[in-house]
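I have placed the structure first, in the form of C-alpha cells, so that the comments after it can refer back to it.
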Amino acid sequence: MALGLVLGTVAGCGGRDERDIARINELEGQLRSAEEQRTQMETRITELEALNAQLVSRLEALGQDVEGLQSERSSLQSSLTETQRALEELRERERQQQARLATFRQMLERFRAMIDSGRLRVRIFRNRMVVELPDNVLFDSGEAELREQGQQTLAEVASVLRTIEGRQFQVAGHTDNVPIRSRRFPSNWELSTARAVSVARFLIEQGISGERISAAGYADTQPVDSNDTDEGRAHNRRIEIQLVPNIDELPDLSALTGETGGGGGGT
C-alpha cells in the first residue's frame, strides 16, 4: 500500500493523532465552504423566482410582447431548473462526505485501544479507509496459519467491521523483498496470497458475509517503507483490510492525508 494518513502506528505513532485531527478539521472547512456555495445558490434561486413572478405580472398587466416575454420566461425557468439540480447535487455530495467522515471517526474510536497497543493502525489511501496489521501480530515468520494472538486481534477487528453496513472489504497480503523459497511457498507471491486468504476466511467465520470479502496477495510490489532497513521491512510485512468505496461516493478524502504519490496497498 502507498503513503496515506497514519492514524496509529505499529510501533507507536507519537503525536500523529493531532495531525490527523487537524486534517479532518481541514476537510470540515471544505464542507463549510460547500455550504456557503449552497447558500449562495439558494439566494440565486430566490432571485430567479422573484424575477419570474415579475414577468408573469408584466404579461398579465401589459398584454404586450407576449411571445417575447414568454420566451424570456421559458429561458429563466430553464436556468432555475438547472440551478436547482446543481444545488441538489451539492447537497448530496455534502451528505455523502459527512457520512464518510462519520464512518471514519467511528472506526478510529473503536480501534483506539488496538491502535494505542500497536496491534494495528488506520489510515486512508486513494479514497479508501485501510486497517493495517503487522504480520508478526498475525503470523509466525514464513507461515500463513493465524497465531492465537492474531485470531484474538482479528476477532476484535471483525466486531467493528460487522457494524459497517453496505461495504465490501478487500484483504491484501504484503511482504518485504526478502525472498522466500519453501515447498509450500515458492515465492512471496504465494505467501502473501495465502496469508490474505487465511485472514479472509477467519473474518467470514466471525460473521462477515463471504459476499463482502475478497482476498489478494501483492508480495513485495507495494511497499509502504524502505526495504533497506529492518524497521522498513517490518512495516512492509503486513495485512491490510480495505473498505472498498461505493461507486457513487464522489467526495475525495485525499485531503485528510496531505500526501500524494508513493506506493501502497491494493486497488
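Side notes on the structure shown:
- Using the empirical formula 2.2 N^0.38 Å as the baseline, the Cα radius of gyration of region 146-216 reaches a ratio of 1.21.
- Potential extension, residue 22-residue 204 segment - 0.36 nm per residue separation minus Cα distance: 62.0 nm
- FRET E, pair residue 152, residue 234, Förster distance 25 Å, beta-carbon r, rounded to 0.05: 0.75
- Residue ranking by accessible heavy-atom surface, 1.4 Å probe, largest first, among 174, 235 comes out as 235, 174.
- Gain on full extension, evaluated as 0.36 nm per residue between residue 164 and residue 182 minus their Cα-Cα distance, stands at 2.6 nm.
The values are calculated or read from the model by the stated rules, or taken from the named source; none is laboratory data. The shown structure was predicted, so the numbers you read here are calculated from the model rather than taken from an experiment. As a convention, Cβ positions derive from the backbone with ideal geometry for all residues, glycine included, and neighbour counts pool all protein chains shown. The area values use the complete protein model at the heavy-atom level, side chains included, leaving out ligands, DNA and RNA. Shrake-Rupley method; radii C 1.70, N 1.55, O 1.52, S 1.80 Å.
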